[in-house]
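Read-outs: derived from the displayed coordinates by stated rules, not from any lab. The structure presented is a predicted model; accordingly, all values stated were derived computationally and were not measured. All Cβ positions, even for glycine, are placed from backbone atoms using ideal geometry, and neighbour counts span all protein chains on display.
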C-alpha cells in the first residue's frame, strides 16, 4: 500500500508527520515555477495551492492547514480545499508560545495522521537538520551559493518527502569558493519569483540569511513533548517583538550589510514593514511580489539600486 | 565621455564642452540619433533601457539622480523624480528610496492622459492651470476613476482650466504620500516642467521645492558625474 501523501501549507513539524508513517508535501514548493494565475485571490501563494488542490493538479491524500499563528488567508483557502472533499486538519500555533497548547495541537495532529508508528524518524530528521545548519553556515562563508542553499533549505519543510533521497542531495553538493560581498538578509515570506536568489546573486548581492527557510532547520526534538517546546520558538507564529529580537541576533551574527524585506501582495506581513524598518538598524529594501514567475524588471531595478546604495556605504 | 539616460519616454544626453554643460533630448525610440558617431566606450548609461544601449558602464537612475542633483543642490535631502512611467522618491539622508511603478495616478502618464482628453499638448497644462479661478476636488486614488470625476466636474460647471488644476492637485496629493518630511526637496524629471503641477505640489507639501534649470537631464548628468 503506498505511503499516504499529506499536503502541508506552512511549517508543520515534519518529524511528527514522518513518524506517523506518512510523507509531507509542502504545497507551496511548486508555486514559484507554476506560472499559475488564480482568478479569485488575495495572496497568490494560498490562492494557487487552493486552486491546484481543488483541481487535483496537486494530489494529496489529506491536507494539514496551518491556520493559526502564521498565514491568515490559509484559514479560508484551506476551508475551500476542504469543501472540495480533501480530508483536512487545521493546525494552530500558539501566539503566546505556550508549549502545553502546542503539545495538545501536536497530539491532535498525530491522531489525524493515524498515530506515531516510527518514532526513530524524530532522530533521523534531527540529524538531517544538523546537516542543514552546516549548509547554512557554508553559504555564509561563500562555500555554497545562496541559490543552492535556498533550494535545499526551503525543501526542509517536507524534506522532499524522502529522507534518504534528501540526504543524498545534500551529500552531493559541491563546495564553492565565492567571494561574499554585499551580505544581505532576506526576511519575510520567501519570494514568489523562482529565480530571485540567482537574480540577487547576478547583481552582486549575496543572500546570507533566508528567514523562513532557517525556521525549517532550527527546530526539532525526539518526541512530541520536546518538539512542542522547541517549535514554540517558531518566530512567524509569535508576537512581532519576539521575531525582531531573534532577527537582531541573526543579522548581527551573520554580519549583514543590508536587509531585503520581501512582502507578498495582500499578505498581513506587509503591515509589519514599517515596524521592521524602525527596529532593525540596517539599510532596508522592501520589495513586493504578487504572481509567480521570473523576477520582474521593476524588482531588478530596486535590487540593483540597493546594491549601488550598499556600495556607496 | 557622455551621460546617456534612456528612459521610458525620452532619451537625454549630457556632455561637457568648453567647461560648459551641453545636452540633447529626444523621444526614447529615437535614442540612436543622439549617439550617432559616438563610441559605446564613451557612454555612461542610465535609465530604464541603460543595459539595452551601448555603454562603458551603467548605473541605475536612482544613483544617477543623487549625483546629478548634487551638482546643483549639494545639500538636497529628498529627490522626487517624476518620470513618464514611474515616480521615484529618494531620501538622500538615509539612502532610502521608494518607487511607484504600479499605478499611473502618480506618474507623467496620468498628466498625458489628461492632456489627451482635452486634446491639448502636454506643455499647455501649466498655462491653463494658471487661469483657473477655482480648484475642484478630484479623487486622488486612481487615474481611471479620476477621469469620470473630471467629467462630472465639467458637467457640474467647472471650466476646463479649473478641472486641469484639480487634476494637478490630485496628482500632487498622490505623490505627496511618498515624500518624507524634509526641508530641501528637489524635483526632477520631464513632468516637472509643468508649472501647474509644481504649484500644486508646493501647495500640498507646504514647502518651497527646488527645481534645477533643466530637470529632465539630471539623471544623464548624474551618470556622467558618477564616472568622472
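So the values come out like this:
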read-out	value
Difference of contour (0.36 nm per residue) and Cα-Cα distance, residue A:95 to residue A:61	9.3 nm
Spherically averaged projected area in nm², based on the convex hull that wraps the Cα atoms of the range B:87-205	7.0
Number of partner chain Cβ atoms within 10 Å, mean per residue of A:302-312	5
The protein assembly as shown pair-distance distribution - Cα-Cα, 20 Å bins, rounded %	20, 45, 28, 7, 0
The range A:260-303 residues near the modelled residue B:144 label - backbone nitrogen below 20 Å, point 7 Å along Cα→Cβ	A:265-266, A:290-291
Among beta bridges that DSSP assigns inside the range A:120-312, antiparallel share in %, nearest 5	0
Distance between modelled label sites at residue B:124 and residue A:195, nm, 7 Å Cα→Cβ extension	4.5
Cα-based Rg / Dmax (Å) for the range A:201-313	15.8, 50
Residue-averaged beta-carbon neighbours from other chains (10 angstrom radius) around A:277-289	1
DSSP bridge pairs, the protein assembly as shown: antiparallel proportion in percent, nearest 5	35
Cβ crowding within 10 Å averaged over residues, with A:171-180, A:106-115 ranked highest first	A:106-115, A:171-180
Debye equation applied to the C-alpha atoms of the range A:120-312, log10 I(q)/I(0) at 0.09, 0.11 Å⁻¹	-0.33, -0.50
Length gained when the stretch residue B:98-residue B:213 is fully extended (0.36 nm per residue, less Cα-Cα span)	39.0 nm
Highest-MSF residue in chain A out of A:74, A:164, A:200 [GNM, Cα springs under 10 Å]	A:164
Per-residue average of Cβ from other chains inside 10 Å of B:55-62	3
Net length gained if the chain between residue A:164 and residue A:311 were fully extended (0.36 nm per residue, minus Cα distance)	48.6 nm
Chain B: C-alpha gyration tensor shape, a/c 1.5 cut-off, then a/b vs b/c	prolate
Relative contact order for the range B:1-72, counting Cα pairs under 8 Å that sit 6 or more residues apart, in percent	28
GNM top mover of B:22, B:193, B:160 - chain B, alpha-carbon springs below 10 Å	B:22
Hydrodynamic radius (Kirkwood) for the range A:5-112, which is based on Cα pairs only, to one decimal in Å	14.1
Among B:158, B:48, B:117, residue whose mean-square fluctuation peaks in a GNM of chain B (springs only between Cα atoms under 10 Å)	B:117
Among B:58-64, A:270-276, the order from most to least packed when residues are scored by Cβ within 10 Å on average	B:58-64, A:270-276
